[in-house]
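Undergrad: The structure that follows is given in the form of structure tokens.
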Amino acid sequence: MNPSSELQSPFRGYRLSQYFRLPLTQPLLDFVDIDIEGDLPVFIDPTALLPLHSPWASRCVALIQDFFQHILHFIAAGQGNRASALLAILREPNETHLGLSEGRARGRGLGPHSAVWLRDALAESEAINTGLLEDLEDTILMVNGVAGDLVSDIATNLMRAPLLEYTEAQCRSLDMPLTAGMPSGPLWDPIGHVWYARYCSRLRGPMGALLLVPKVLVRRKLEYDYDEYYRDYLLPFLGDAELEAKSALVTVLKSGSPKVFKKDLTAKYGCGKGVVVRQTQAHPEILARYREDKRAARQLHRPPLTHLGLASAVGAEAPDWNQLFKAVRSLPPGPDDAPAYHDAVFNLLNALFYPALVNGRKEQQIHNGLKRIDVLYENAATSGFFQWLGVHYPAPFVFVECKNYGKELGNPELDQMIGRFSPSRGKFGIIVCRTLDDPERFYQRCQNTADDDNGFIMALTDDDLRDLVDSLRDSTLRAPTYDLIRQRFQHLVLRADLSPVIEAPAPSPEPQEDGLA
């Protein structure tokens, strides 16, 4: 296809939400609202899976680690052909429409020919025999030719089965059409350690099958970075060694302070991934510190893209907080508008709670379909109140019930929420309602529920939603801390409005990831 015909495409520049006529913008969607033909310049970062504690994320991590360890095993054992055979199945994952392709999304090289190159690059790296390579992302630091975009593509291939399931679930939730009997593409089997394929129901766009990617997993660039490791970890370590040895590389400044310049270190030791491997092998504490710093900084400095960060990265819309809250507030109480209220609350909470609560599902069935939860969220928080909650209380999921009542909440509503709880699903829920005539009486009931070990329940009224919106309006550059909910929970468990014991984290610098610092 020539460039002029690409420009004439009727879907040029369409987002998925436009193509499938979804009345939702990026802040209200759990997945990246991709360009239906081109690519968006963000990537799946495998390290973004690590802070998440959901079964889905754990499965993705297990698939990536199992495949990578098998490749390393075959290469170390001199069975390069077996490694090549497995690597040859990898393809550029065009279905995600993420990456750096210009124009139409298309493959840039993963395939049978790159399998031999990648096998040889791994085999030629001294890191293969030293134990320095532990995870897929380590190849960015130590294997020639491997950069973040390739690691992202490999991870996407290995996560294909979970991404297919995620895509199907989102389609059924949003009434997007699924086409039955489509090939799945290659799927990795972590038990048999082989690739397999099947036919399944898939989302189909104008260019073929699509895979939806949770927006909590994407970044502008991957966390592991060769230049950063060489410049900010390896060279300073070598410089300190030269200073301690009082070598010829030490320069005494006018101030009298000794200094070793990085250009002199590079001239002596060289650069490139071979140098990185050799020096890391000699001084493994450098890599240990790098990994530890990445783990420690992951929550504060590499959080998921915020609403504004994602808008900046992919040209999406920022939340229209006024419109989202107005859609809830404008509905009159009563059963006639209960479905519309449910939808409006769901949209508002999707924006309010991202990135702490993700993969929201309406009308989630439990107990073999005998009960339905109005809204169920996965707790993916890496900071703030919901992260604290997940550490100290059973809260892998957060339950929400929507009550468009013109009357007071009572025991039946609490009993309904209690019936949703379990040790495995969690025991924290929110009832969203219009108003509370007697808040203290309602929270006395909630305290009694907590005292009886039946779970932790709180209410959010229209006024509470407005306060949450107002607090987020001024903090969209960083992850919200949800002080109102934190204080409400504190009041619930301590029976008094005491000084905070659930400390909100100090505001961190605006994440560089968002490109807004």
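Undergrad: If I model a spin label as a point 7 Å beyond the Cα along the Cα-Cβ vector, how far apart are those points for Ala123 and Asp189 in nm?
TA: 2.6
Undergrad: To make sure I understand the rule: partners must be aspartates and glutamates, Cα under 16 Å from the Cα of Lys268, and not fewer than 8 residues away in the same chain. Which ones qualify?
TA: Asp240, Glu242
Undergrad: Shifting gears a bit: Helix-only mean residue ellipticity at 222 nm, the chain, DSSP H runs n ≥ 4 weighted -39,500 (n - 2.57), per residue, nearest 500. What is it?
TA: Value at 222 nm, helices only: -12500 deg cm²/dmol.
Undergrad: Turning to a different aspect of this structure: Amide H to amide H under 5 Å from Arg15: which residues, 5+ apart in sequence or cross-chain, H placed 1.01 Å off N in plane?
TA: Hits under the 5 Å cutoff: Ile36.
Undergrad: Name the helices (complete DSSP H segments) of the chain with a Cα length along the long axis of 27 Å or more and a Kyte-Doolittle mean of at least -1.0, or state none.
TA: Helices passing the filter in the chain: 55-76.
Undergrad: What pairs in Lys221/Lys273; Lys273/Lys294; Lys246/Lys294; Lys263/Lys294 have C-alpha atoms more than 28 Å from each other?
TA: Lys246/Lys294
Undergrad: To the nearest 0.05, what FRET efficiency results for Asp415 and Arg21 with a Förster distance of 35 Å applied to their C-beta separation?
TA: Taking R0 as 35 Å, the efficiency between Asp415 and Arg21 is 0.35.
Undergrad: Let me ask you something else. Taking all protein chains as present, what is the carbon and sulfur share of the accessible area of the chain, in % to the nearest whole number, probe 1.4 Å?
TA: 51
Undergrad: Further, regarding this structure: With a bin width of 10 angstrom, please list the P(r) values of the range 288-428 as percents of all Cα-Cα pairs, from the 0 bin to the one holding the largest distance.
TA: Using 10 Å bins, I get a P(r) of 10, 31, 34, 18, 5, 1, 0 for the range 288-428.
Undergrad: Search the structure for amide H atoms under 5 Å from the amide H of Thr435, placed 1.01 Å from N in the peptide plane, and list their residues when 5 or more places away or on another chain.
TA: Here Asp462 satisfy the definition.
Undergrad: Considering only the chain, what is the antiparallel percent among its DSSP beta bridges, to the nearest 5?
TA: Given both bridge residues lie in the chain, the antiparallel proportion sits at roughly 70 percent.
Undergrad: For Asp463 and Arg295, compute 0.36 nm times the residue count separating them, minus their Cα-Cα distance, and round to one decimal in nm.
TA: 56.7 nm
Undergrad: Subtract the Cα-Cα distance of Met182 and Lys262 from 0.36 nm times their separation in residues, and report this length gain in nm to one decimal.
TA: Taking Met182 through Lys262 to full extension adds about 23.3 nm, to one decimal.
Undergrad: Over 44 Å, how big is the tail of the calculated P(r) for the chain, in percent of all Cα pairs?
TA: Of all Cα-Cα distances in the chain, 24 percent exceed 44 Å.
Undergrad: Two-decimal Rg/Rh of the range 160-260 from alpha-carbon positions, Kirkwood Rh?
TA: Rg/Rh: 1.40.
Undergrad: Between Glu134 and Val252, what length comes free when the chain is fully extended (0.36 nm per residue of separation minus the Cα-Cα distance, one decimal in nm)?
TA: Here the answer is 38.5 nm.
Undergrad: Between Ala241 and Asp451, what FRET efficiency follows from the Cβ-Cβ distance if R0 is 56 Å, with the result rounded to 0.05?
TA: That pair, Ala241 with Asp451, gives E of 0.40.
Undergrad: Still on this model: Need one number: nm distance between label points at Asn322 and Ser471, each 7 Å from Cα along Cα→Cβ, rounded to one decimal.
TA: A separation of 2.3 nm, rounded to one decimal place.
Undergrad: If you don't mind, there's one more thing I want to ask. Using a probe radius of 1.4 Å on heavy atoms only, what accessible surface per residue do you get for the range 146-244? Whole Å² is fine.
TA: About 38 Å² of surface per residue is accessible.
The values are calculated or read from the model by the stated rules, or taken from the named source; none is laboratory data. Worth saying up front: this structure is predicted, and the values here are computed from it rather than measured. Glycine gets a Cβ as well: all are built from the backbone with ideal geometry, and neighbour counts include every protein chain shown. Please note that ligands, DNA and RNA were not included when accessible areas were found on the heavy atoms of the full protein model with its side chains. Shrake-Rupley method; radii C 1.70, N 1.55, O 1.52, S 1.80 Å.
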